[in-house]
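Throughout, read-outs are computed from the coordinates displayed, never taken from laboratory work. Just so we're clear, the structure is a prediction, and the values are computed from it rather than from any experiment. Cβ: placed from backbone, ideal geometry, glycine included. Neighbour counts: every protein chain shown.
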Amino acid sequence: MDKIRVALVDDHQLVRDGIRSLLTNLPNIEVVAESDCGKTMLNLIEEVKPDILLVDISLPEMSGIELARMVTSNYPRIKVIILSMHTEQEYIFNSLRNGVKGYLHKSISREELIEAIEQVFLGNEYFSREVSGIILKSYLRQIKDPERVEEYENKKLTPRELEILRMVAQGYSNQLIADKLFISVRTVESHKNHIMQKLELTTTVDLVKYAIKNGIIDL
């Protein structure tokens, strides 16, 4: 039987080395490619033909969710699994909206990682326990109060905009946001303007209040 072909996308070499080590010598899984950014992986896909793409969210140039959207749109045969430290609700639901079939926290065991790859390859969805709990809590909240759906989801902020909104609300300067996301200060300012237009806000203080009110950051 052919092995499940897995490609890794994470901007930390140590993380990629660790994942590759965990999956080495398995009878049914093979790591066929790895990259530190989404654009490089997009250029490799035609050549390596992975079955599963294992992706972090925080990547330079484009987020893992943006990469998932492009891959699932252009290569529907390829299944995307997010492997991230981010378990905030907006990341999870944005991932699902963009075609992700699995979402795992980086604290999972080797056995659970293997199970997730196998299940997603078979056409199922797989979420680690922590992620499943967040999905369930959101569902229960909406049952109790169906009129209150998270406003920022209705506004359809992109994953990058949500990432920048969170950093702004946490007090990061434009320069620090740019440094952390590997983008220019001008791009950060452009994203902030788009966010304020979408949310109909006018000041950074308004953004902070909005982020607190909607649970994007905790006090």
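Computed from point charges on the beta carbon alone (+1 for Lys and Arg, -1 for Asp and Glu), the dipole magnitude for the range 1-89 about its Cα centre is near 320 Debye. Computed extension gain for R129 through T24, at 0.36 nm per residue and net of the alpha carbon distance, reaches 35.3 nm.
Counting 0.36 nm for each residue step from H194 to Q170 and taking away their Cα separation leaves a gain of 6.8 nm. Comparing Cα centroids, the range 172-219 and the range 112-128 end up 34 angstrom apart. By its C-alpha gyration tensor, with a ≥ b ≥ c as the square roots of the eigenvalues, how is the range 1-87 shaped: rounded for a/c under 1.5, else prolate for a/b larger than b/c, else oblate? It comes out oblate by the Cα gyration axes. By the helix-only formula, in which each DSSP H run with n ≥ 4 contributes -39500 (n - 2.57) and the sum is divided by residues, the chain has a 222 nm mean residue ellipticity of -16000 deg cm²/dmol.
Ranked by the mean number of other Cβ atoms within 10 Å per residue, highest first, peptides 38-44, 130-136 order as 38-44, 130-136.
Within the range 1-60, none of the GluC sites (Glu not before Pro) combine a DSSP coil assignment with at most 12 other C-beta atoms in a 10 angstrom radius. Relative contact order of the chain, taken over Cα pairs closer than 8 Å and 6 or more residues apart, is 15 percent. Remark: spin-label model distance C37-S73 equals 2.0 nm, labels positioned 7 Å along the Cα→Cβ axis.
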